[in-house]
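Working notes, structure below.
The values are calculated or read from the model by the stated rules, or taken from the named source; none is laboratory data. Remember, predicted model here, so these are calculated numbers, not experimental data. In this analysis, Cβ positions are derived from the backbone assuming ideal geometry, glycine residues included, and neighbour counts consider all displayed protein chains. Heavy atoms of the whole protein, side chains included, go into the accessibility calculation; ligands, DNA and RNA do not. Shrake-Rupley method; radii C 1.70, N 1.55, O 1.52, S 1.80 Å.
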Amino acid sequence: MTNSHDITGISEKIDDHRGSVDSGVTISTIEILPEKNVEYFEKALEHLKFGQFNIFIILISGMVLANVLLETLGISFVLPVSQCELNWTIEEKGILSAVGFIGIIISSHLWGFLADTMGRRKVIRPTLIMGFVFSVLSSFSNSFGVLVTFRLLNGICVSGGSATIYAYLGEFHTLKNRDRAIMCAAIIFGFGSIMLPAIAWLIINREWMFYIPLIDVMYKPWRLFMVVCAVPGLICGLALFKLPESPKFLLSSGREDETLEILKNIYATNTGNDRDCFPVSQVLKDIDIAMLPKTAIDKSNPVASLLKAMWNQTAPLFSREYIRITLLVCLIQFIIFATSNGMYMWFPDILNSVMKYETANEGQSAYICDIYKKTLDEIYNTTMVNECITKLEIQTYTYSLLLELTYILGFVVFSLIINTVPKIYIIWFTLCACGAAGIATVSTDIPMLAICFYLGLLSCGLAINVLGSSTVGLYPTRLRAMAVCISLMMGRLGSVVGANYIGALLKNNCEVSFYACGATLIVAGFLAFLVPKPITGNIEAPKRISLVSVVSMNSMVGRN
């Protein structure tokens, strides 16, 4: 009988002749497994079962996603209540709303490259911890420039986990469970996002303050709110010390022994069996892992070498094979983020204006844009300090909480249907329904109904995770983290454009911003039909074949 070492050598030679993979799904032209305890990676994952480890990593991944929301959108609650103290102009508000996303944009490419070459966990863990540090520092800011600088640095750190976490989580799960695991993390994200209005309600409306003479800052509740929003990131960063590196990444780096050790530990955690009972003694590379490029940095010229390696990692995304997918995913993400995050940045401000109007003019009809224009005139056309907003109306927190509950319900429904209903139809329905709600927001003169439609418009963010899940399945392992990072980078760019574009329009052309967001969402919904479907099955040859057949098949593969 041919020994395992010899067969593995033949298998590796055949790996070198395998064709390209369209979607990162395991497609084996031929498998040579002389022993029952030798498996390809995707098959080895099936032995792990689904258990405590999976639940824990889904929980942490969901909290990482929630941390992104808390860190980037928490500023929307800060801007109205810090107006009196720091005298923001509407242009400065727009910049502060967008600067976190700018940090994400300018660093996403680098983090995607590092995640694909150095490791998923090595990127996520330190960036989460540093993000917390910069949030603490930003809470002591006493000027526009200082706050912008620290929020920019915070955005750069937040970027490290915001996209990489999709690849990290997905690579611990089999193809069968991958989409559902990502959607379950999105449910955790939904529950975590409830923390935003809840934390704001618990902290911002308090009346305490104390003076810090060394830096000439009056420390108020809104400053503490910024720190508390960053705590989940710190918790996740520390939790990652207990979680392993992605075994699929380690296997792609040639670290087979470490991969096997991680799989054994997960097996023991999930099943309760001894780790030595793991029925796999050797893990072979799947096609997409075997084809991973080897990246080496030239120490004599590290900057040029790094830039070249980043280009080599990025260029395939725009090759003939992937360019249509990449452009479509990036465009759709841009449109979704421009509305979900761009419009959300002004949501507490607009909502607070409507609630104040309802309190003073109960039962009277008015268009939402007319109400907000009047509020802006009162803020910027008066020098009376008592006109400033130091607290938010209680209903502002209530409706913000309702929005987050809508997200949770949506993620729960999506997780239940995502394996039965094509993702394209989920994206299409979500974006078209939300787009229609956006147009309806400025078409009714019933303020509370307009707010309900506004909530519907902001719910378009539900499609982000579905599209992210689809993106993971459209690319092979060697491009996956980079692809998700670039698509989300374009989404963050949409957030920047949306926040500033909407801020520029709100005072004089408020209605246009809602019409534009609604119409583009509907267009994006139909564009989703142009995104190809990922391959969802394994194509495998019999596991046991003769050595003569191996040689014959090897010859055919070589000719083809």
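Over 20 Å between C-alpha atoms is what I'm after, so list which of K248/K423; K122/K285; K176/K248; K248/K285; K264/K285 land there. Correct reply: K248/K423; K122/K285. Computed from backbone phi with θ = phi - 60° and the Karplus coefficients 6.51, -1.76 and 1.60, the 3J(HN,Hα) list for the range 503-512 is x, 5, 8, 4, 6, 10, 9, 4, 4, 4 Hz; x is used for glycine and proline. Sketch the reach of a paramagnetic label on N273 as a point 7 Å from Cα along Cα-to-Cβ, and name the residues of the range 47-61 whose backbone nitrogen lies under 20 Å away. From the range 47-61, the list is 47-55.
With coordinates expressed along the principal axes, the C-alpha atoms belonging to the range 161-241 extend over 57, 25, 17 Å, beginning with the largest.
Taking a ≥ b ≥ c as the square roots of the eigenvalues of the alpha carbon gyration tensor, the range 386-537 is prolate, as a/c is not under 1.5 and a/b beats b/c. Take I188: with every protein chain present and a 1.4 Å probe, its accessible area is about 50 Å². Scanning residues 5 or more positions from L284 or on other chains, those with amide H under 5 Å from its amide H are E39, Y40, F41, with H placed 1.01 Å from N in the peptide plane. In this structure the range 472-525 gives 26 Å² per residue of accessible area when probed at 1.4 Å with all protein chains present. Phi angles across the range 354-362 convert, under the Karplus curve 6.51 cos²θ - 1.76 cosθ + 1.60 with θ = phi - 60°, into 3J(HN,Hα) values of 5, 5, 5, 5, 4, 5, 8, 9, 4 Hz, Gly and Pro given as x. In order along the range 482-488, the phi-based Karplus estimate (6.51 cos²θ - 1.76 cosθ + 1.60, θ = phi - 60°) of 3J(HN,Hα) comes to 5, 5, 5, 4, 5, 5, 6 Hz; Gly and Pro are listed as x. Once backbone amide H atoms are built at 1.01 Å from N, V217 has I212 as its partners under 5 Å, excluding neighbours fewer than 5 places away on the same chain. Counting every alpha-carbon pair across the range 450-493, the share separated by more than 16 Å comes to 48%. Among the GluC sites (Glu not before Pro) in the range 189-295, those located in a DSSP loop and surrounded by at most 12 other Cβ atoms within 10 Å of their own Cβ are E207.
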